[in-house]
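The values are calculated or read from the model by the stated rules, or taken from the named source; none is laboratory data. Every value quoted in this text rests on a predicted model; they were computed, and no experiment measured them. Cβ: placed from backbone, ideal geometry, glycine included. Neighbour counts: every protein chain shown.
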Amino acid sequence: MSKLRIGQGFDVHAFCTGDHLMLCGQRIPFNQGFAAHSDGDVAIHALCDALYGAMAEGDIGQHFPDTDPAHKNRDSRDFLDHAIDLMQDKGFALVNADLTLIAQRPKLMPHLAAMKQTLCDSFQCAAEQINLKATTTEKLGFTGREEGIAVLASVLLEKNA
Ligand code: MG
């Protein structure tokens with residue numbers, strides 16, 4: 001059997017009253033926040049689901065139920081650390097990850113470098129192993145109406161042992 005495992009993740013969070021968004025662990029000033037049980041970091045949630053998917057380990061909701069008060073306002077980097085620990089425990093290494101952040105607003109381009117660095121720090125991987133892209137939906141659909149943000153994530157893992 002191949003040592004390679006592919007995983008995909010998708011997540012959406014709606015905007016609500018607030019003054020910032022958390023994306024890839026970066027605090028981005030904005031005139032709204034994310035409606036969420038945790039800190040709403042939709043990019044990390046999609047990335048975690050891609051990792052869990054590649055490992056055949058279910059999804060983020062199974063590992064961190066949103067009915068659990070312990071996860072209220074939780075820093076989503078804790079979720080990512082859990083997924084990375086599981087990846088290492090199961091003998092997997094990251095080959096690469098590719099994320100597409102779909103948002104009409106705010107403009108994410110100025111934040112992509114810092115967001116990428118946060119992910120590289122979490123994985124302790126090289127810059128070339130992680131790619132972040134930002135796109136709009138040309139004002140179509142819920143992201144286009146500026147009701148929230150969606151993120152797609154793909155990962156490739158390689159089994160070491
Ligand atoms: Mg989520």
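Restricting region 1-40 to residues that are closer than 23 Å to Lys90 by Cβ and surrounded by fewer than 21 Cβ atoms within 10 Å (Cβ to Cβ), the residue that is modelled with the lowest pLDDT is Met1. Of the set (1) more than 16 Å from the ligand (Cβ to nearest atom); (2) among the aliphatic types (A, V, I, L, M); (3) closer than 30 Å to Lys139 by Cα; (4) not in a strand (DSSP E or B), all apply to Ile28 but (4). Kindly evaluate His82 against the criterion of being within 13 Å of the ligand (Cβ to nearest atom), at negative phi and surrounded by fewer than 19 Cβ atoms within 10 Å (Cβ to Cβ). So His82 fails the test. Answer yes or no: is there a residue in region 41-63 that is part of a loop (DSSP other than H, G, I, E, B), within 14 Å of the ligand (Cβ to nearest atom), crowded, with 20+ Cβ neighbours inside 10 Å and not hydroxyl-bearing (Ser, Thr, Tyr). Taking every residue of region 41-63 in turn, at least one turns out to be part of a loop (DSSP other than H, G, I, E, B), within 14 Å of the ligand (Cβ to nearest atom), crowded, with 20+ Cβ neighbours inside 10 Å and not hydroxyl-bearing (Ser, Thr, Tyr).
Quick check on my filter: what residues within region 88-111 are assigned to a helix (DSSP H, G or I) and closer than 23 Å to Gly141 by Cα? Steps first, answer last, please.
Initially, region 88-111 is screened for residues assigned to a helix (DSSP H, G or I), giving 88-89, 109-111.
Of everything in region 88-111, just one residue is assigned to a helix (DSSP H, G or I) and closer than 23 Å to Gly141 by Cα, namely Met109.
Go through (1) at pLDDT 95 or above; (2) of a type in the set (Lys, Arg); (3) within 16 Å of the chain's Cα centre (by Cα) and name the single condition Arg74 misses. Every listed condition holds for Arg74 apart from (1).
Conditions tested, residue by residue: (1) of a type in the set (D, E, K, R); (2) in contact with a strand residue (DSSP E or B) (Cβ under 9 Å, 6 or more places away or on another chain); (3) closer than 18 Å to Val12 by Cβ.
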site: Phe34; (1), (2), (3): no, yes, yes
site: Ala50; (1), (2), (3): no, yes, yes
site: Asn73; (1), (2), (3): no, no, no
site: Phe79; (1), (2), (3): no, no, yes
site: Lys90; (1), (2), (3): yes, yes, no
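Of the candidates His63, His45, His20, His13, the single residue that is under 22 Å from Met115 (Cβ atoms), free of Cβ contacts under 8 Å to residues at least 24 places away in the same chain and not hydrophobic (A, V, I, L, M, F, W, C) is His20.
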